[in-house]
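The values are calculated or read from the model by the stated rules, or taken from the named source; none is laboratory data. This structure is a prediction, so every number in the text was calculated from the model and none was measured. Because the Cβ atoms are built from the backbone with ideal geometry, glycine has one as well, and the counts that use them run over all protein chains shown. Calculation scope for accessible area: heavy atoms of the full protein, side chains included, ligands and nucleic acids excluded. Shrake-Rupley method; radii C 1.70, N 1.55, O 1.52, S 1.80 Å.
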Amino acid sequence: MIKLIASDLDGTLLQNGAQELTPRTIQLIHKLTQKGIRFVAASGRQYDNERRVFDAIKDEISYIGENGSICIHNGEVVFRGIIEDDLAFRIIHEIKKEANFDIVVSREDTCLIEDNNPDFINHIVNVMHNTTEIVDDITKIHGPFLKIAIANMKDGPHIIDKYLKHLQDMFGSEIKVVTSGNIWIDFIAPGTNKGTALGHLLKLFGIRPEECIAFGDQYNDVEMLELVGRSYAMSNAAPGISYHADYVTDSVEDVLEDLLAGLD
């Protein structure tokens, strides 16, 4: 018996850069929650942003945000992970040595970006609709910090992969550094990930991992995919993600529809 479904957003529920869920997706999740199956949005996005994405059913589901650094149910924080200030600023100063990489630093109340790339500002503020604070110098901000993410909107994936290796070599012993999309690299708070955050929710709900389904497409989804009893990697997932999943699918909605059909 499936009691909980957790899904990544970008590249999983949201395909091809979409910023809104389809009516079909909203309807399927609503029907599942009405039948007593819990749904968890599990994303690298901030909590405010996730609630906007799920606006029509925002109070019917639970949330894992910032790649597991924040976990919220019924408006209450279940778990919170923090990147210590010293580590955060060492990462920020290192990234600032490179051209074409923009930085997003997440706090619980907002994300912070610099006012130096109009295209990036537009993407964060007007495309993703993040709750955002624009600052002159991101090295002068204050924590506590939940996540650091960097994006390169100008160069190709080969630059992302090369720089990822450099950052993993430099900081990998202190913090997890993973891709979270074609242009994104995320620094995940030590001891946290989508899997550990989901574990906190399962404990709260009294649900066993084998009673759960999860969907994902990137390396920030791996721990969540490995935790649950039935996991799905997207067919267009990052290379190697399918090895961490039980199945591969083109569509989360198709799997949810089949699950609902089996409940009727």
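Here are some notes:
- Inter-label distance, V77 to N16: 3.9 nm, where each label sits 7 Å from its Cα along the C-beta direction.
- Difference of contour (0.36 nm per residue) and Cα-Cα distance, I159 to V125: 9.8 nm
- Taking amide H as placed 1.01 Å from N in the peptide plane, the amide H of F39 sits under 5 Å from that of I5, S62, each at least 5 places away or on another chain.
- Ellipticity estimate at 222 nm from DSSP helix runs (n ≥ 4, -39,500 (n - 2.57)) divided over the chain, nearest 500: -9000 deg cm²/dmol
- Entry comment: accessible area of the chain is 45 Å² per residue, from protein heavy atoms only and a probe of 1.4 Å.
- Rounded Å value of the spacing that divides the Cα centres of region 47-115 and region 120-183: 11
- Note on region 186-264: along the principal axes its Cα atoms extend 42, 34, 16 Å, ordered by decreasing extent.
- Per-residue SASA remark: T196, around 50 Å² accessible (1.4 Å probe; ligands, DNA and RNA not included).
- Accessible-area ranking of D221, D115, largest first, probe 1.4 Å: D115, D221
- For the chain: relative contact order, % (alpha-carbon pairs under 8 angstrom, 6 or more apart): 20
- Diffusion coefficient (Stokes-Einstein, Kirkwood radius over C-alpha pairs, 4 °C, 1.567 mPa s) for region 21-140: 81 µm²/s, rounded to a whole number.
- Label-to-label distance, L204 versus H166, with points set 7 angstrom from Cα along the beta-carbon direction: 3.9 nm.
- Span-rule helices in the chain, defined as complete DSSP H runs reaching 18 Å or more along the axis (Cα) with Kyte mean at least -0.5: 157-171
- Distant-in-sequence amide H partners of R107 (H built 1.01 Å from N, under 5 Å): L112, L146
- For q = 0.15, 0.27 Å⁻¹, Debye-computed log10 I/I(0) when each Cα of region 158-206 counts as one equal scatterer: -0.49, -0.97
- Accessible area of Y219 (1.4 Å probe, protein heavy atoms only, ligands and nucleic acids ignored): about 80 Å².
- Projected over every direction and averaged, the convex hull enclosing the alpha-carbon atoms of region 105-264 yields 11.6 nm².
- Partner lysines whose Cα lies under 30 Å from the Cα of K96, excluding those fewer than 8 positions away in the same chain, are identified as K140, K147, K154, K162, K165, K176, K194.
- Computed label-point distance, nm, for sites T139 and D254 using a 7 Å Cα→Cβ extension: 5.0
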